[in-house]
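Everything below concerns the one structure shown next.
What follows is calculated from the coordinates using simple rules that are stated; it is not laboratory data. Predicted model only: the values in this text are computed from it and were never measured. For neighbour counting, all protein chains shown are included, and Cβ atoms are generated from backbone atoms with ideal geometry for every residue, glycine included.
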Amino acid sequence: MTQLVTTAADDAALLQQHLARALAGGPALGLGMLGDQPGEVEDGTAVVIGTSGSTGIPKRVVLSGEALRAGAEATANRIGSGRWLLALPAGYVAGLQVLVRSILSGTNPVVLDGGFSPRAFAEATLPMISAEPLFTSLVPAQISSLLDAADDTTVLAALQAYRAILVGGQALPQPVRDRATELDVRLVRTYGSTETSGGCVYDGIPLDTAAVRTVDGELQIAGAMLADGYLGDPALTARTFLRDVHGIRWYRTGDLGIVEDGTVSVHGRADNVIVSGGVNVSLDRVERIVRGIPGLTSAVVVGVDDERWGEASVIVAARGEALRRSEAEQLERAREAVAEELGKPARPARLILVDQLATLSSGKPDREGIRRIAAELR
C-alpha cells in the first residue's frame, strides 16, 4: 500500500513537484476529493481524481503511474515533444496530462494564471516562441473565443505558434474547425476521459498503444493508459472495466459510435437519449447538428418534459452569439437541419437564450444546471 496525500490543484508548480514524486513511486495524489479520504491506496497508484463530470455523478478514478506515462508517451509519439502551456485546471485529467508530459520531457510548462481570455493566452504564448515546438490543450469554448478574437494580430500569432492544440472535453463544431483551418491554426481533436488518462484517440485515430472496438454500438477502449478503477466502488469498477476471453481489459465508455477502417466516430452518450413521441432521440446527435449552424456553435441541447410528446429537446444558447439572426430564424434553421439528418421527431422544440451558458470548472457545459434552467423556462 502507498500513502494518499490530498492536495489543491491551484498551484501548478507545487502540484508538478508532487506529481513527479508520485510518478516515481512516492505518495499518491488525491485531486478534487470529497467526503472521507482513505489514508492508503494500492501500490503503483499515482493519482486519484475525484470527478462528477457534467451529470453530477461523483466518481474517484484511480490512475497508476504506468497509465499516466503510457498516455503521455503515446501522445509524444503522435504529435512530438516540446514546451507546453497549461491553460486548463490541473485538477482535471487534460490539465494534469500537460504536467505529466512536461515532467517526462524534462520541461516546465508555462501556466496561464487568472481567468482565460484571448489577451491572456497571447501574452502567455508569445514569450514562449523559440525553436522548441509549442503545444497546449484547450476545450472548444476556449478555441471559439480565440478564433473570434483572431482579428487581433497578437492573438492570431499566438494561435499559429503551436505545432498542435489538443481540443477535447466535448465535440468540436465543424464551423470552428473550418475557421481554424482557414487561419492555419493546427487543431487536433481528442477523445478520451479520465478513465483513459485523457485523450487516447486523435483526429479519429487511436494512439499507437490504444485499441478501440464497439460492442452493441458502445465504444470500448483497451490499452496501458486505462485507469485501475474507482476508489471504494468495486461494483462500478466491475461494470465498467471488463476482460475478454483473451484476458484483454476493456473500458466501457458509455458512448455510442462506430469504428470503420481504423477511424473512430463518436455519436454521443448512450444515456443522453430522450423518447419523444415514442421515438428515441440522441441529444448529442441533435446538438452536433445544431452546432454546425453559424451563431449556435456553442449551443447546448437538453431534454425537458413535454405534455404532448412526453419529452422534447431544447436548444440553449448565449444571447450575444445566437442573435446574429432572429430567434425564430435560428430555431427554424436548426429544426430544418435536424429534420433533414435525423427526421422530424428529433427537431428541437424551442430555442432559449441566456446571458451566459453555465460551465463547470473544467470548462465543459454544466448540462444539469442548463437543463434545470430550460425546464424552468419551458
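What the table shows:
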| quantity | calculated |
| --- | --- |
| Relative contact order computed over the stretch 231-374 (Cα-Cα under 8 Å; 6+ residues apart), in percent | 17 |
| Of every Cα-Cα pair in the stretch 160-307, the percent that sits beyond 27 Å | 32 |
| Calculated SAXS-style log₁₀ I(q)/I(0) at q = 0.13, 0.17, 0.22 Å⁻¹ - the stretch 134-203, Debye, Cα scatterers | -0.34, -0.57, -0.91 |
| Percent antiparallel among DSSP beta bridges (both partners in the stretch 272-377, rounded to 5) | 70 |
| 11 Å beta-carbon shell around GLY277, net charge (K/R +1, D/E -1) | +1 |
| Percent RCO, i.e. relative contact order, over the chain, from Cα pairs under 8 Å lying at least 6 residues apart | 12 |
| Cα shape, the stretch 222-354, gyration tensor, a/c 1.5 rule | prolate |
| Exposure proxy order (Cβ contacts within 10 Å, fewest to most) of ILE79, ILE315 | ILE79, ILE315 |
| Share antiparallel - DSSP beta bridges, the chain, percent rounded to 5 | 65 |
| Computed FRET value (nearest 0.05) for LEU342 with ILE205, which takes r as the C-beta separation and R₀ as 25 Å | 0.40 |
| Fraction of the pair-distance distribution of the stretch 2-193 above 30 Å, Cα-Cα pairs, percent | 21 |
| Compactness of the stretch 282-354 - radius of gyration and Dmax, Cα, Å | 11.1, 32 |
| Most fluctuating residue given options ARG177, ARG78, ARG213, as computed from a GNM of the chain linking Cα atoms under 10 Å | ARG78 |
| Simple label model, 7 Å out from Cα along Cβ direction - ASN108 to ASP355, nm | 4.0 |
| Estimated distance in nm for a label pair at ASP10 and ASP152, the labels positioned 7 Å out from Cα along Cα-to-Cβ | 2.5 |
| Centroid-to-centroid separation of the stretch 265-311 and the stretch 142-211 [C-alpha atoms, Å] | 24 |
| Kirkwood Rh, angstrom, the stretch 39-152 [1 / mean 1/r, Cα pairs] | 15.7 |
| Structure-based [θ]222 nm, the chain - -39500 (n - 2.57) summed over DSSP H runs of at least 4, per residue, nearest 500 | -9500 deg cm²/dmol |
| Length-normalised contact order of the stretch 2-193 in % [C-alpha pairs under 8 Å, at least 6 apart] | 15 |
| Projected label distance in nm at VAL215 and THR263, using a 7 Å step from Cα toward the beta-carbon | 2.7 |
| Residue order, fewest to most surrounding Cβ atoms within 10 angstrom, among TRP250, TRP309 | TRP309, TRP250 |
| Calculated on alpha-carbon atoms, Rg and Dmax of the stretch 242-303 in Å | 15.3, 49 |
| Karplus (6.51, -1.76, 1.60) ³J(HN,Hα), θ = phi - 60°, over the stretch 184-197, in Hz, Gly and Pro reported as x | 6, 9, 8, 8, 10, 6, 10, 9, x, 7, 4, 5, 10, 6 |
| Between helix 12-23 and the chain: long-axis angle, C-alpha atoms, 0 to 90°, nearest 10 | 60 |
| Alpha carbon centroid spacing (whole Å) that separates the stretch 1-34 from the stretch 328-378 | 38 |
